[in-house]
1. Among the numbered conditions (1) outside any loop (DSSP other than H, G, I, E, B); (2) under 11 Å from the mean Cα position of the chain (by Cα); (3) at pLDDT 90 or above, tell me where T103 comes up short.
2. Evaluate segment 29-47: report whether one residue or more is modelled with pLDDT under 85, in a strand (DSSP E or B) and either out of contact with any His (no Cβ under 7 Å at 6 or more places or on another chain) or farther than 18 Å from S111 by Cβ (or both).
3. Identify the single condition in (1) in contact with a Lys or Arg (Cβ under 9 Å, 6 or more places away or on another chain); (2) in contact (Cβ under 8 Å) with a residue 40 or more places away in the chain that D56 does not satisfy, given that it satisfies every other one.
4. I'd like the full set of residues that are of a type in the set (S, T, N, Q) and modelled with pLDDT of 90 or more, limited to segment 62-88.
5. Among the numbered criteria (1) in a helix (DSSP H, G or I); (2) modelled with pLDDT under 80, which one does E5 miss?
6. Restricting attention to segment 77-104, report how many residues are under 20 Å from R59 (Cα atoms) and surrounded by fewer than 17 Cβ atoms within 10 Å (Cβ to Cβ).
Amino acid sequence: MVLAEPIRPGGAAPQGVVLVVASLGPLWNTTRQMGQEGLFDVYVVDGRGWLVAHSDPARLQGDLDVSRVEIVRQFVEAQGRAGATVPFTIQGPKGNVVKMLGTYAAVPESSWGVIVQVEEDKAYYSRSRCATSRWPWWPW
């Protein structure tokens, strides 16, 4: 990734530019490792809500604008303030509505954020599984 910032002494016309070349490889590897089991998605977005890295590399193909996803929208609106875990819904691959839980954290000294989201059913799996079981040592 290449970032550029013009040098404008005293607010005048640009006199030069500062360029930074950074590798996103470590960021991609970290998000991929965190979401390896497929239980949850981990991704990084910029301040506009566009994907920078994702635990599923296939998601980095095509449309990178995820600003319409509720948890991303909340991150963009929060402008760096801390977030809470919140429920939201997304459209599933078959057009169905999928209930999700998600949270975000701002990346210090940047406009980027890390988003973690999980399907509500997976997040509460053990609770719902135990509630439907008839284990004899449970009083209910």
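1. T103 satisfies every listed condition except (3).
2. Among the residues of segment 29-47, at least one is modelled with pLDDT under 85, in a strand (DSSP E or B) and either out of contact with any His (no Cβ under 7 Å at 6 or more places or on another chain) or farther than 18 Å from S111 by Cβ (or both), which makes the answer yes.
3. Just one mismatch for D56, condition (2).
4. Selection gives S67, Q74.
5. With (1) in a helix (DSSP H, G or I); (2) modelled with pLDDT under 80 applied to E5, the lone miss is (1).
6. Of the residues in that region, 10 qualify.
The values are calculated or read from the model by the stated rules, or taken from the named source; none is laboratory data. Keep in mind that this is a model prediction, so the values were computed, not measured. Please note: Cβ atoms are built from the backbone with ideal geometry, for glycine as well, and neighbour counts cover all protein chains shown.
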